[in-house]
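K.L.:
Here it is, the structure in full.
The values are calculated or read from the model by the stated rules, or taken from the named source; none is laboratory data. If you're wondering where the values come from, they're calculated on a predicted model, not measured in any experiment. Reconstructed Cβ throughout: ideal geometry from the backbone, glycine too, with neighbour counts over all protein chains shown. Calculation scope for accessible area: heavy atoms of the full protein, side chains included, ligands and nucleic acids excluded. Shrake-Rupley method; radii C 1.70, N 1.55, O 1.52, S 1.80 Å.
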Amino acid sequence: MTNADTTRGVADRIENYRKVEGRSVAWLSEASGISYKTLRRRIYGAPEQFTLSELSSIARSLNTDVEHLVVALEPAA
């Protein structure tokens, strides 16, 4: 797995959590303190790594842990 694949996986998990919470990218931007432009670029643009600070803010905003955003966990049975 390449670094780009890992980065894309993190972005996909953030997007999934955001949708489950019923939140918009604009809301997540405001709640996390990450500019809308930067957040959209990180989620939808060319793979670009999130910083630990960004991941922490996003996780807090989405009521989850950073671990759940960066590690592909198996769904609970």
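K.L.:
Could you pull the accessible area for TYR17 with a 1.4 Å probe, rounded to 10 Å²?
P.N.:
Accessible area, nearest 10 Å²: 70 Å².
K.L.:
Multiply the residue separation of ASN16 and THR64 by 0.36 nm, subtract the distance between their alpha-carbon atoms, and state the gained length in nm to one decimal. Present the calculation step by step, with values, prior to reporting the outcome.
P.N.:
Numbers: separation 48, 0.36 × 48 = 17.28 nm, distance 1.20 nm.
Value of the extension gain: 16.1 nm.
K.L.:
Hey, another quick one. Heavy-atom accessible area per residue, the chain, 1.4 Å probe: how many Å²?
P.N.:
Numbers: 4870 Å² over 77 residues.
With all protein chains present, the chain gives 63 Å² per residue.
K.L.:
Further question on the same structure: In debye to the nearest 20, how big a dipole does the chain give about its Cα centre with +1 on each Lys and Arg Cβ and -1 on each Asp and Glu Cβ? List each step's numbers first, then the result.
P.N.:
Numbers: 10 positive and 10 negative charges, 69 e Å.
Here the chain has a charge dipole of around 340 debye.
K.L.:
A follow-up question, please. Run the accessible area of the chain with a 1.4 Å probe and give the carbon-and-sulfur part as a rounded percent. All intermediate terms of the calculation are to be shown ahead of the outcome.
P.N.:
On the way: 2520 of 4870 Å².
Result for the chain: 52 percent of the exposed heavy-atom area is carbon or sulfur.
K.L.:
Now, a different point. Under the rule a/c < 1.5 gives rounded, and otherwise a/b versus b/c splits prolate from oblate, where does the chain land using the Cα gyration tensor?
P.N.:
Working: a/c = 1.63, a/b = 1.10, b/c = 1.48.
Since a/c reaches 1.5 but b/c is at least a/b, the shape of the chain is classed as oblate.
K.L.:
I want to check the label-to-label distance for ALA26 and THR6. Put each point 7 Å from Cα in the C-beta direction and report it in nm to one decimal.
P.N.:
A separation of 3.5 nm, rounded to one decimal place.
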